Amino acid sequence: MIAYIIRRLLVAIPTILVLIIASFFLMHFAPGGPFTSERPLPPQVLANIEARYGLDQPLWKQLYDYLFNIIFHFDFGPSFKFKDRDVNDIIAQGFPISLTYGALSFLAASVVGISLGIAAAIRHNTWIDYVAVGLGIAAQALPNFIMGPILILTFTLWLGLLPGGGWNGGQWQYLIMPVIALSTSYMGSIARITRSSMLEVLNSNFIRTARAKGLPTRSVIWRHALKPTLLPVVSYLGPVFVYVLTGSVFVDIYFSTGGLGQAYVGSALSRDYAVLLGVTILYGTLTVVVNLLTDLAYAWFDPKIRY
Amino acid sequence: MNKQTRLLIAGFLSSTFITGAAFAAGVHPTTGEALADDQTFTYRILDEHSSVDPQVVEDVSGAEIVRDLFEGLMNQDRDGNLVPGVATGFTTNDTKDVYTFTLRDTAKWSNGDPVIASDFVFAWKRAVDPELSSPYAWFVQLMSIENAGAIIAGETAVDELGVKAIDDHTLEVRLSAPLPYFAQMTTHATTFPAPQKVIEAHGDAWTKPENIVSNGAYVLTEHLPQERSVRERNTMYWDNENTIVDKVVALVINDENVALTRYLAGELDRTEVPAGQFPRLQKEHPAEAISFPRLCNYYYTFNLSEDGPEAFKDPRVRQALSLAVDRKIITEKILAGGQPEAYTFAPEATAGFTVPEVEMSAMTQAERDSLAKELLAEAGYGPDNPLTFNMIYNTSESHKKIAVALGQMWKQKLGVQTDLGNLEWKVFLETRGNQDFDLARGAWCGDYNEASTFLDLLQSDSGYNDGKFQNTRVDELLASAKIASDTTKIYTEVEQILAQESPIIPIYHYAGVYMMDSDVGNWPVDNVEQNWYSKNLYKIAE
């Protein structure tokens, strides 16, 4: 197991390096730069600014300096757009917000989704099943950019119950709508996967054996059926975690949360190279780590898997 | 706004309310209106502002915040007229190239230090210093301050800038050329004073709420980037007694429809109206939907450089295309926000600018259309030899609608084929700046209220002249306007040349189209530059 983890981490390093290098060049090849503006800067002023941010250096040198600063100083550089902040600041300020929304949505999606799925499978072909399946499909059919406007219109404008956006120190009223918007479609998928997986497990031989030896249904479900049921669900949860984090880009913008999403999209549009690259690396690294954790979780759920 | 939503807002804004201000629960000293207990003004901004450093800020929403946090030599009143700021007044010599400002001795920084002439000297030198490389350094050059250009270019030492503190309360400015509207330009953020000690102590981080020291009516108390920025009453401000609004909250809301919903839910006192929605909102909320002229233009520019299409080198083609644009359809059907149609480059709202008689504005659209057909046929384009070109604009719903409408008008009336190109902002700037287009969208908001802020863009060597229009007569006229005491004739001739040569197609002039809560008092709708100061606003009790 330990050897496996080390091996995976070693593979992660070149993966992230490739991500950085590819993003770096893509970003620099996009037309326009951070200081392209409507009223072009006088050449002397532009030269001064470029020198200050090292943009006058050849690309390979810029990349080298960038990597050097990250590896040896953990410094992701200054923001080109916001003078009083550097990338570390921006991430430190925005990421906890995005992570809060992401983690809550992940939790909501998995807990509600799995419960719905299990309920539907146990009460197969009853009204509970139909309601759960109906809810799941409806939720899945509503992506966050449809849910957002529906929620705001309903709860902010018509009912006047919830604030239409903002963070305000993370008060619960401000969390509800973004979390619903972000989690519903995954909730639907999780419910569906759990239901079909559970149905399959309930029809398998070892469950029949358990029932035959007279175990009460509750123990059959909890002790024997749950773990194998969750195996395909877990493989889906890993990517979902990454999706809710990156998907929070929309929620951040739509609900003006102050999270990283706004900074990320804004940096792409304003060619704030350092911020764009910094956030890309953050999300890339998270993806790699979450994938590793998902693979490790398999081993726990399925004793047949050995690393 | 009902009481319940008001309570709700109070909840959102939470934290602390500054109470005990002289006007809370009182009446307005001049209008006699009852004032609300909660003097908090909350408004929407589209995007996170670039900075609140006066010499660095480059966007409109940043400048709005800076105007509250800092105070320059002169301010504007609700009509845009010049009124004293830190300076009580100024004198100028006969040749109008030396200005002397007298500073009030009651002006203070928020840490209690007096605001003195050398604070301005420091700030202005900072603005042109290559070390800071301010994106607005050009503005100081535009103010014609002695040596500004050479300092920006790194040819002269910063200390050579033509600005001097005669004593603590007297500031002398020497200009390289006489400039009649110089004092107007001191209402611009770039010219606001900067606290030297604080900047030296904190470097780039001096603008963070915990470090910043400012001399305006407000101080920055909270800033969560991309979410909100809060400024509160500066008790050290010299005119604090007459300031009514205690707290100003700017909320970043990218999506204008979300902003409108949040406005309607009572979370905001002001927001922009999305294109096309004004008539409906005006019907439903007549007291809140407002529209007033602004100092901005919207146009398309022909590529007249060597890389541009051959057809556009013929002025008849350019005129024909301009004539065939039915501006009424664009302003009334697409935008529908009370925007005036444009036949000149400078907006009518510009101070001291009389809209000259241009032939086109006096014609009916039918007359324009038939003249357009004639001109285009004369130039050799018609069904056998159709004119085709591409036109580019930057990503935005309303730019797209307008571009589609233009293409449609030209196709129906003149049989012209257009190829529309929707480009993301930076790509658009790069493409237009490299003259890699046939026809491109353009727009400009005045940096100061004088026609040259627009017309100078069409000077042959202007950095903004992306269409590369070259006309020696226009250049001469614009140069002479800089020193003329009466510019009416000069600007009239420039606009007439523009109408004749049609290097650009003026489409419309902007209007400020807002939803503004009816309890906001004294919003300066007549200030076409929309230089508003929170200290002049007040909230009326309901």
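Per-residue ellipticity at 222 nm from helix content only, as computed over chain B with -39500 (n - 2.57) for each DSSP H run of at least four residues, stands at -8000 deg cm²/dmol. With a Förster radius of 30 Å, plug the Cβ-Cβ distance of A:THR285 and A:ILE150 into 1/(1 + (r/R0)^6) and report the FRET value to the nearest 0.05. Rounded to the nearest 0.05, the efficiency is 0.35. Between A:TRP172 and A:ASP56, the C-beta separation translates, for a Förster distance of 60 Å, into a calculated FRET efficiency of about 0.75.
Sort B:LEU457, B:LEU224, A:LEU199, A:LEU159 by Cβ crowding within 10 Å, fewest neighbours at the top. Please list the in-between numbers first.
Working: B:LEU457 23, B:LEU224 20, A:LEU199 16, A:LEU159 10.
With the fewest neighbours first, B:LEU457, B:LEU224, A:LEU199, A:LEU159 line up as A:LEU159, A:LEU199, B:LEU224, B:LEU457.
Contact order for region A:10-91, expressed relative to its length and based on alpha carbon pairs under 8 Å spaced 6+ residues apart, stands at 17 percent.
The separation of region B:161-208 from region B:235-256, counted between C-alpha centres, amounts to 23 Å.
Excluding same-chain neighbours fewer than eight residues apart, the lysines reachable from B:LYS328 by a Cα-Cα span under 16 Å are B:LYS401, B:LYS413. Gain on full extension, evaluated as 0.36 nm per residue between A:LEU226 and A:PHE206 minus their Cα-Cα distance, stands at 5.9 nm. In sequence order, region A:200-209 has phi-based couplings of 5, 4, 4, 8, 7, 4, 5, 6, 4, 4 Hz under the Karplus curve 6.51 cos²θ - 1.76 cosθ + 1.60, θ = phi - 60°, and Gly or Pro positions carry x.
Amide H to amide H, with H built 1.01 Å from N, B:LEU420 comes under 5 Å of B:MET391, counting only residues 5 or more places away or on other chains. Structural descriptor for chain B: relative contact order 20 percent, calculated from alpha carbon pairs under 8 angstrom and at least 6 residues apart. Gaussian network model of chain A, Cα springs within a sub-10 Å range: biggest mean-square fluctuation belongs to which of A:LEU292, A:LEU231, A:LEU17? Among A:LEU292, A:LEU231, A:LEU17, the largest mean-square fluctuation in the Gaussian network model of chain A belongs to A:LEU17. Dividing the summed helix terms, -39500 (n - 2.57) for each DSSP H run of n ≥ 4, by the number of residues in chain A produces a 222 nm estimate of -24500 deg cm²/dmol to the nearest 500.
Only Cα pairs under 8 Å and at least 6 apart count here; give the relative contact order of region A:96-264 as a rounded whole percent.
Values: 229 pairs, mean separation 59.8, N = 169.
This gives 35 percent for region A:96-264.
Here are some pairs, A:LYS61/B:LYS400; B:LYS400/B:LYS539; B:LYS164/B:LYS197; B:LYS283/B:LYS426; which of them have Cα atoms lying more than 29 Å apart in this structure? Among A:LYS61/B:LYS400; B:LYS400/B:LYS539; B:LYS164/B:LYS197; B:LYS283/B:LYS426, the Cα-Cα distance tops 29 Å for A:LYS61/B:LYS400; B:LYS400/B:LYS539; B:LYS283/B:LYS426. Remark on B:GLY216: its backbone amide H falls under 5 Å from those of B:PHE70, B:GLU71, a criterion applied only to residues 5 or more positions apart or on other chains, H modelled at 1.01 Å from N. Counting only other chain Cβ atoms within 10 Å of each residue's Cβ, the peptide A:164-174 averages 5. The overall shape of region A:96-264 is prolate: from the C-alpha gyration tensor, with semi-axes ordered a ≥ b ≥ c, the ratio a/c is 1.5 or greater and a/b exceeds b/c.
Just how far, in whole angstrom, is region B:487-534 from region B:401-475 if you go by their alpha carbon centroids? Spelled out, the Cα-based centre of one part sits 18 Å from the other. Between B:ASP461 and A:ASP302, the simple label model (points 7 Å from Cα in the Cβ direction) yields a spacing of 7.4 nm. For the residue pairs A:LYS83/B:LYS108; B:LYS313/B:LYS373; A:LYS83/B:LYS96; B:LYS468/B:LYS489, alpha carbon separations beyond 28 Å are given by A:LYS83/B:LYS96. Across peptide B:222-235, the average count of Cβ atoms from other chains found within 10 Å of a residue's Cβ is 4.
Peptides B:352-358, A:100-106, B:85-91 ordered by packing proxy, namely the average of other Cβ atoms within 10 Å per residue, highest first: A:100-106, B:85-91, B:352-358.
Karplus-derived 3J(HN,Hα) values for region A:293-299, using 6.51 cos²θ - 1.76 cosθ + 1.60 with θ = phi - 60°, are 4, 4, 5, 5, 5, 3, 4 Hz; glycine and proline are entered as x.
Cβ crowding within 10 Å ranks B:GLU450, B:GLU64, A:GLU200 as A:GLU200, B:GLU64, B:GLU450, fewest other Cβ atoms first. The phi torsions of region A:76-82, fed into the Karplus equation with coefficients 6.51, -1.76 and 1.60 and a -60° offset, translate into couplings of 8, x, x, 6, 7, 9, 9 Hz, rounded to whole numbers, with Gly and Pro shown as x.
What is the calculated FRET efficiency for B:GLU493 to B:ALA443, with r their C-beta to C-beta distance and R₀ = 22 Å, to the nearest 0.05? Could the numbers behind the result be given before it?
Numbers: r = 24 Å, r/R0 = 1.10.
Working from the Cβ atoms, E equals 0.35.
Put in order of Cβ neighbour count within 10 Å, fewest first, the listed residues A:THR156, A:THR257, A:THR229, B:THR156 become B:THR156, A:THR156, A:THR229, A:THR257.
Note on B:ALA362 and B:ALA153: the extension gain reaches 70.6 nm, defined as 0.36 nm multiplied by sequence separation minus the Cα-Cα distance. Across peptide B:252-259, the mean count of Cβ atoms from other chains lying within 10 Å of each residue's own Cβ comes to 6.
Just to confirm my numbers, what's the Cα centroid distance between region A:193-261 and region A:104-132 in Å? Centre-to-centre distance over Cα atoms comes out at 10 Å.
The numbers here are math on the coordinates, done by the rules we state, and not lab data. The shown structure was predicted, so the numbers you read here are calculated from the model rather than taken from an experiment. All Cβ positions, glycine included, derive from the backbone under ideal geometry; neighbour counts span all protein chains shown.
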